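Working notes, structure below.
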Amino acid sequence: MNALRSIAKFIDMINEYVGRGVSWVTALLVVVVFTDVVMRYALNISFVFTQELEWHLFGFIFLVGAGYTLLHDGHVRVDIIYQRLSTKAQAWVNLVGTLLFLFPGCYLIIVTSMGFVDNSFTIFEGSPDPGGIPLRFIIKSMIPLGFALVWLQGFSLLIKSFLTLAGAEQPGQDGEAA
């Protein structure tokens with residue numbers, strides 16, 4: 001049980017550090033959007049590069065930050081029923097949901113996006129717009145990376161759910177929400 005707990009803690013640590021890094025990218029996105037708005041409305045200037053940078057950063061934040069969001073139970077769910085369940089019933093919902101939905105969904109997206117990413121790297125894909133970002137393949141490579149981080153965090157959730165069902169994990173342990 002301690003080995004499983006250690007694996008879950010290690011995965012949580014990875015997504016915690018990634019999430020903290022993503023928070024800095026979020027701050028950068030705010031600066032880029034502010035700059036774009038000032039340039040567009042105060043100076044009447046607009047650059048394709050700036051607009052593309054906004055959606056590249058936005059995509060990065062949501063793709064790479066999704067595992068962190070799962071770590072902190074921040075994804076949207078129908079809590080009307082879930083919140084009224086006992087801790088063990090919630091663990092069952094998390095365990096079954098992870099096995100039946102999260103793992104297959106992540107697998108499908110990772111596998112299907114790999115060809116897409118490989119093709120983008122092969123042709124050294126860039127923006128088709130003049131003045132756009134020349135390295136579009138970088139943001140496309142965040143698709144499998146982001147879903148791999150979600151899959152990893154799902155594995156941690158699976159371990160924690162198993163430990164809860166086995167009576168080896170108490171809610172609120174290790175900084176988890178009760």
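The values are calculated or read from the model by the stated rules, or taken from the named source; none is laboratory data. Keep in mind the model is a prediction, meaning the values are calculated, not measured. Don't worry about glycine lacking a Cβ; one is built from the backbone with ideal geometry, like all the others, and counts go over all protein chains shown.
What to note about this one:
- Subset of the range 67-125 (residues that are at positive phi and touching a residue at least 60 places away in the same chain (Cβ under 8 Å)): D73
- Here the helices (runs of 4 or more DSSP H) wholly within the range 89-178 that include at least 2 residues being within 21 Å of R77 (Cα to Cα), of a type outside the set (A, V, I, L, M) and at pLDDT 95 or above are 103-122, 142-165.
- Complete set of residues in the range 97-117 that are surrounded by 12 or more Cβ atoms within 10 Å (Cβ to Cβ) and of a type in the set (V, I, T): T98, I109, I110, V117
- Consider the range 55-76 and keep the residues that are loosely packed, with under 15 Cβ neighbours inside 10 Å and farther than 19 Å from S161 by Cα. The one that is modelled with the highest pLDDT is F62.
- Search result, residues across the range 10-26 that are exposed (fewer than 13 other Cβ atoms within 10 Å of the Cβ) and either within 25 Å of L163 (Cα to Cα) or at pLDDT below 95 (or both): F10, M13, Y17
- Tally of residues being loosely packed, with under 15 Cβ neighbours inside 10 Å, hydrophobic (A, V, I, L, M, F, W, C) and part of a helix (DSSP H, G or I) across the range 27-48: 9
- Output for the range 77-88, where each listed residue is in a helix (DSSP H, G or I), β-branched (V, I, T) and surrounded by fewer than 13 Cβ atoms within 10 Å (Cβ to Cβ): I80, I81
- Within the range 118-142, tally of residues that are surrounded by fewer than 19 Cβ atoms within 10 Å (Cβ to Cβ) and either in contact with a strand residue (DSSP E or B) (Cβ under 6 Å, 6 or more places away or on another chain) or among the β-branched types (V, I, T) (or both): 4
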